[in-house]
Every structure is written in structure tokens, then in C-alpha cells.
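Enquirer: Encoded as C-alpha cells, here's the structure I'll be asking about.
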Amino acid sequence: MNLQELKSQFVKEELGITEDFGTIMTFIDFGNVNYWFESDRQDASNVALGKNQKLEISLEGLKSFTEIFSNHVRFYYGHDAQHYSSLGFIRKVRDIFGKSRVYTKQIQKVRHHLTSQELPSNTRTILIDNEGIYIQIPKCNFDVEITVDVIRMIQKYDTICLFSGDADFVSLLRYVKAHRKKVIIIKGGNIVHQLKELADLVVNAQNIKKYIALIKQKPDITSGLADRTPVSTGR
């Protein structure tokens, strides 16, 4: 047994993934995963982060981690065609996970009107309409796409591993269990009891932080804040 095989065996034993799970197919709802460690103030070794540091998901780490126990990995995340950085991120994901394993679509933008308490810490472009100052929050839901793929490919796996704690997947997991398949859920925060009851194994994201997270510098949100002027949309 080589070093990589030993590492894989160790990780699977640590998580509780036994041979009984058989062929595992993993579905990553990255819109959920992306914010798992957003509020964390400690790294994977419980060392406090610096004032200007934060944790982000390492795409390379996420890929390496899922490949330890998965026979097939699928990645779902939206893009904004108006922003080069968003398209660049999708290109990077495709380079890492493989073009045929990455599924994307144009995000939608939802207005969120800022309160006086939210305004000082806001880092998004601020706009103004008849109701006040607002920002546009990107939304892109892949529940339907993931559900279709899980059902369509049900003969190709013994277990699904779902990187999401979204309550909208309860009906899908009931369908999967009715077809005598197993379920692994990897979740960031709390999940509804129905998901817990349907899962054969629930893994807390904090327990895999050391595999999938990296430390990054926070952007300077105070730079240019005083000069930021709301843009009127005329609506």
C-alpha cells in the first residue's frame, strides 16, 4: 500500500465511510459550500486567524478530498456573464474538476435594501431607488439540476454524497432511499431533522476543514468607502 492509499484509508476511516457504501457519486452544490467557513475565526488547527485573514474553500483541496472516496464528482455553480472574474472562476473550476463535470448557468440578481446598520460594512456596489439604498445579491439555485442528475444516474451508484444541507433535497433523498441507495450528507451548519433521518452518514464541514480550506487575506473594505456614492437606477 503506497502513501496515497494509506491517506485515503485514514480519511475514510476518520469520516466513517466504509466499504458498505459501495460506489459513491458526489454532488457539490458550491453555492452552499462556498460560505461554509465565512464566519470562522480559527483555522483547522484551532489557531486564531489574523485580523485581516479569512478562510476560503480550496478548489484543489476540495477535488482531492472528494476523490478519496468518490468514483464520480459533479460540481454546480452559477456565473455572471457581465463579470470577467466570475467567468474566470468557472474556467478554473473546469480546469480542476474537468469540463464535463462542471455545471453552470447565469445567476439572477435580487435586490436587498440596506439598513443603516448594514451600510458601513457593505462591500458591494450600492444603488438607489424609490425605496432607498440597495445592493444586488446574486442567486442561482441548482436544486432542479442536481435532482435530475441524481435520478437520471441512479443505476450508476450505490451511495450519493451531497455537499449541501438544503432542506429542498428532502424529497430527493426519500426517492433515493426508496431505491435502496445510501446517502452521505456533508453540511456546513444546522440541517433539518428530515435530512438527518434520511442520511446514513452526516459529516460536519468543520471536521474536514483541514482538507478543503485555505487562509486568504481579506479585502480592505474601508478603502474608498467615504467616496462611494449611490447610483440611482431611476426606479
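The values are calculated or read from the model by the stated rules, or taken from the named source; none is laboratory data. Everything numeric in this text was worked out from a predicted model, so none of it was measured. Neighbour counts are summed over all protein chains in view; Cβ atoms, including those assigned to glycine, are modelled from backbone coordinates with ideal geometry. Surface areas here come from the heavy atoms of the whole protein model, side chains and all, with no ligands, DNA or RNA. Shrake-Rupley method; radii C 1.70, N 1.55, O 1.52, S 1.80 Å.
Enquirer: With charges set only on the Cβ (+1 for Lys and Arg, -1 for Asp and Glu), what does the dipole of segment 101-209 come to about its Cα centre, in debye to the nearest 20? Spell out each step's value before the answer.
Expert: On the way: 16 positive and 11 negative charges, 99 e Å.
With only Lys, Arg, Asp and Glu charged at Cβ, the dipole is about 480 debye.
Enquirer: Please name whichever of Ile126, Tyr84, Leu55 sits farthest to the positive end of the charge dipole of the chain, dipole taken about the Cα centre and charges placed at Cβ: Lys and Arg +1, Asp and Glu -1.
Expert: It is Tyr84, whose Cα lies furthest towards the positive end.
Enquirer: Continuing with this model, one more query. When the helix-only estimate is applied to the chain (DSSP H runs of n ≥ 4, each -39,500 (n - 2.57), divided by the residue count), what is the mean residue ellipticity at 222 nm, nearest 500 deg cm²/dmol? Walk me through the numbers on the way to the answer.
Expert: Values: 8 runs with 71 residues, N = 235.
Calculated mean residue ellipticity at 222 nm is -8500 deg cm²/dmol.
Enquirer: Rounded to the nearest 10 Å², what accessible area does Ile184 have for a 1.4 Å probe in the complete protein model?
Expert: In the full protein context, Ile184 sits at about 0 Å².
Enquirer: Something else: Where the accessible area of the chain is counted over protein heavy atoms with a 1.4 Å probe, how much of it, in %, is carbon and sulfur?
Expert: On the way: 6520 of 13570 Å².
For the chain, the apolar C and S fraction of the accessible surface comes to 48 percent.
Enquirer: Using a 1.4 Å probe, how large is the accessible area of His72, given in Å² and rounded to the nearest 10?
Expert: Spelled out: His72, probe radius 1.4 Å, area about 30 Å².
Enquirer: Follow-up. If you place +1 on the Cβ of every Lys and Arg, -1 on the Cβ of every Asp and Glu, and leave all else neutral, what size is the dipole of the chain about its Cα centre, to the nearest 20 Debye?
Expert: Working: 32 positive and 27 negative charges, 78 e Å.
My answer is approximately 380 debye.
Enquirer: May I pose another question? If you place +1 on the Cβ of every Lys and Arg, -1 on the Cβ of every Asp and Glu, and leave all else neutral, what size is the dipole of segment 117-169 about its Cα centre, to the nearest 20 Debye?
Expert: On the way: 4 positive and 9 negative charges, 38 e Å.
Using Cβ point charges on Lys, Arg, Asp and Glu, segment 117-169 gives about 180 debye.
Enquirer: If Lys and Arg each add +1 and Asp and Glu each add -1, what is the summed charge of the other residues whose beta carbon sits under 11 Å from the beta carbon of Gln206? Don't skip to the end; give the middle numbers.
Expert: Values: positive: Lys187, Lys209, Lys210; negative: Asp40.
Surrounding charge for Gln206 is +2.
Enquirer: Could you give the nm distance between label points at Tyr35 and Lys218, where each point is 7 Å from its Cα heading toward the beta carbon?
Expert: Those two pseudo-labels are separated by 1.7 nm.
Enquirer: Moving to a separate point now. Only bridges with both residues in segment 1-111 count here: give the DSSP antiparallel percent, nearest 5. Present the calculation step by step, with values, prior to reporting the outcome.
Expert: On the way: 1 of 9 bridges.
Given both bridge residues lie in segment 1-111, the antiparallel proportion sits at roughly 10 percent.
Enquirer: Follow-up. If you take the C-alpha gyration tensor of the chain, multiply each eigenvalue by 5 and take the square root, what semi-axes do you get, largest first, in whole Å? The partial results should precede the final answer.
Expert: On the way: eigenvalues 246, 95, 56 Å².
With the √(5λ) rule applied to the chain, the semi-axes are 35, 22, 17 Å.
Enquirer: With a point put 7 Å past each Cα toward its Cβ, work out how far Asp129 is from Thr18 in nm, to one decimal.
Expert: 5.5
Enquirer: Among rounded, prolate and oblate, which fits segment 154-210 when a ≥ b ≥ c are the square roots of the eigenvalues of its C-alpha gyration tensor, a/c under 1.5 means rounded, and a/b larger than b/c means prolate?
Expert: Details: a/c = 2.39, a/b = 1.48, b/c = 1.62.
The shape class here is oblate.
Enquirer: Continuing with this model, one more query. Using a Förster distance of 30 Å, how high is the FRET efficiency between Gln4 and Lys105, based on the Cβ-Cβ distance and rounded to 0.05? Intermediate results must be reported in sequence, preceding the final value.
Expert: Working: r = 35 Å, r/R0 = 1.16.
The pair Gln4/Lys105 has a calculated efficiency of 0.30.
Enquirer: How long are the semi-axes of the equivalent ellipsoid of segment 55-140, defined as square roots of 5 times the Cα gyration tensor eigenvalues? Whole Å, largest first. Present the calculation step by step, with values, prior to reporting the outcome.
Expert: Values: eigenvalues 223, 43, 22 Å².
Working through the eigenvalues yields semi-axes of 33, 15, 11 Å.
Enquirer: Between Ile96 and Ala48, what is the label-point separation in nm under the 7 Å Cα-to-beta-carbon projection?
Expert: If labels sit at Ala48 and Ile96, their model points lie 3.0 nm apart.
Enquirer: Which is farthest toward the positive dipole end of segment 1-146 among Thr115, Gly31, Gln136, measuring Cα position about the Cα centre, with Cβ charges +1 (Lys, Arg) and -1 (Asp, Glu)?
Expert: Going by the charge dipole, the pick is Gln136.
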